[in-house]
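A quick write-up on the structure given underneath.
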Amino acid sequence: MGQNKENIDVGHLLEEVGPVGHYQRKMLLRIMVPILWCGTISTQYVFNAMAAKNRCMVPQCETWPADVTPGTWGAWALTDDKCRRKEPVADTCSANSFHPTNTQRCDKFVYEHNNTIVAEFNLGCQEWKRTMVGTIHSAGVFVALPLTAYVSDTFGRRVAFIMTAVFPGVVGLARSFTQDYISYIILEFLDAVVGAGVYSSGFVLALEMVGINRRVLCGNIISSTFAVGQALIALIAWAVPYWRTLTRIMYAPSPFFIVYFFLIEESVRWLLTKGKKKRAAKIIFKAAEVNKKKLSQETIRLLTEETPVEIKQTDSSNPNPENSEPEKMPAENSNPDKKVPENPKPPSVVLQVLKSRVLMTRLCICAFWWVTVTFIYYGLSINSVSLAGNSYINYVLTSLIEIPGYALSVVTLDRFGRKKSIITAYFICGISLFALPFIPKSMVWLQTSLNLFGKLCISMVFSSIYVYTGELYPTGLRHRMLAACSMTGRIGQMTAPQTPLLMAYMESLPYILFGLMAGASGLLMLLTPETLRVELPDTIEQAESIAPAKERPVQLD
């Protein structure tokens, strides 16, 4: 006969241990260090592949190395097109040595500096190769999300966190020695694949060790730490601009994170779902001791007896949709000889969604939100180095402005509602970015302010739609629908690095596009229902019933 299982409420257990005691604070601080480091390497490509002013080299008039500012001969040897020069008719350097109308494409370039891969790999007049670095990195992130989720759910949050912190060191340091463009982008892709999961795995590990009422605070601390890391890379790049040296400095700490196998504990929630009660109990007793808390006799009995436990889920919110875990241990069949009547197989997830017009509409709208928010969020960071003024300071400010954006999300969502808060943020973001190109270049402070205001608003949206999107779907589909929207949103992240190419046609085009997409997303949000103080739906019918009156739920067969 199989043993009867007993329920264990992990939320209540964490409250007993202390929702945010000294033990949790110590673990959180340790988790924040790799998160901070992850923030620095997540957008290093912005500086490694930063545009460098260049012009055609004219062998008839100069020798290598040459200065990017030409001499007086530039008037008769060069053209307004930085990719072409006048066709030489003699080997001398005089006004008569170049054809007055015929031109030829440059085969060699002179660069303002040799700090980035643009000069090192001679990418002059190949802007698409420069911007492709960011797209390749984002494609690696796209692959990393499900890969990290699999490792996290199968082998543990701690294992995923440490592996994704250690492995990038090998790839990143190897990239610093590459001698050609193809090798560089291959290693850029692999770097993102093995390292982009640091944030998501650390986020889950941190949130699963605190009580439910502290999750929002803890999540915002993690997000803010990442933002500080993004600002830090700009300061380091300012001090050490040469890309090879910068890369080696940034990736040098990575191998040392192996010591985290001795510094952090596994998620108690994950251990219990995997039936590893002894390991979970050891961590819980240690946390209670450090927090100076006394566990109840019932809790001690549940943790020390051999009886298997089943997690009782008291909070349906999932801190990270791309890295969730099953909440129940597989049930044992107490009588293997007894035939269990077969239940009809439930319809697949795809069929359930396809049969519901309401859910299909929401899925399409949510996917567009996510594409918009990642497109604008990463696009603003990447294009900030092209704004007037100091590129490094612009990037620092663009990164740090995220922190008040996250805080604003916490303050407004529960006070004014999900829809009003997010729609307002979308519209303000759209207006700010759409207006930015029409500001005179002499008003640098106003241009920077509008860019920062747009980034603040889109950061608030980014934080908010995680909550709002999950509240629109029933429990059985919530994780998969939210993950589908989030994964679709990575299209925006992969497209964002290409926006500097639009400046060749119209300098203000990226910001006009950002503003239009933000406005469109805000208008689309009018078609979805408010979820403030609404119980999370458990069935498709309940999810459809929170729709506005004009939506007619389609009943499933």
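The values are calculated or read from the model by the stated rules, or taken from the named source; none is laboratory data. Since we're looking at a predicted model, the values are computed, not measured. Ideal geometry is used to build each Cβ from the backbone, glycine not excepted, and the neighbour counts take in all protein chains shown. Each accessible area value is taken on the protein alone, full model and side chains, heavy atoms only, with ligands, DNA and RNA left out. Shrake-Rupley method; radii C 1.70, N 1.55, O 1.52, S 1.80 Å.
Listed here are the residues, each with its yes/no results for (1) in the same structural domain as ALA504 (by the TED database); (2) surrounded by 21 or more Cβ atoms within 10 Å (Cβ to Cβ); (3) not small (Gly, Ala, Ser).
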position	(1), (2), (3)
CYS83	no, no, yes
ALA90	no, no, no
SER97	no, no, no
TRP128	no, no, yes
LEU147	no, no, yes
PHE155	no, no, yes
PRO168	no, yes, yes
Right, LEU123: part of a helix (DSSP H, G or I), open to solvent by less than 30 Å² (accessible area, probe 1.4 Å) and among the hydrophobic types (A, V, I, L, M, F, W, C) or not? no
Test of understanding: among SER94, SER42, which residue is more than 27 Å from ALA227 (Cβ to Cβ) and hydroxyl-bearing (Ser, Thr, Tyr)? SER94
For the structure I just gave you, tell me whether THR101 is within 23 Å of GLN498 (Cβ to Cβ) and either of a type in the set (Ser, Thr, Tyr) or part of a strand (DSSP E or B) (or both). no
Restricting segment 247-270 to residues that are part of a loop (DSSP other than H, G, I, E, B) and of a type outside the set (Val, Ile, Thr), which is surrounded by the fewest Cβ atoms within 10 Å (Cβ to Cβ)? PHE262
Please report, ordered by residue number, the helices (runs of 4 or more DSSP H) entirely within segment 376-446 with at least 1 residues that are surrounded by fewer than 19 Cβ atoms within 10 Å (Cβ to Cβ) and touching an Asp or Glu at 6+ places or on another chain (Cβ under 7 Å). 418-435
State whether the residues of segment 156-176 include one that is among the aliphatic types (A, V, I, L, M), at pLDDT below 90, farther than 28 Å from VAL58 by Cα and out of contact with any Cys (no Cβ under 8 Å at 6 or more places or on another chain). no
Only unsatisfied item for MET517, checking (1) part of a helix (DSSP H, G or I); (2) under 30 Å from GLY476 (Cβ atoms); (3) not β-branched (Val, Ile, Thr), is (2)
Quick check on this structure: which one of TRP243, TRP238 is more than 21 Å from the chain's Cα centre (by Cα) and either open to solvent by 10 Å² or more (accessible area, probe 1.4 Å) or without any contact (Cβ under 8 Å) to a residue 24 or more places away in the chain (or both)? TRP238
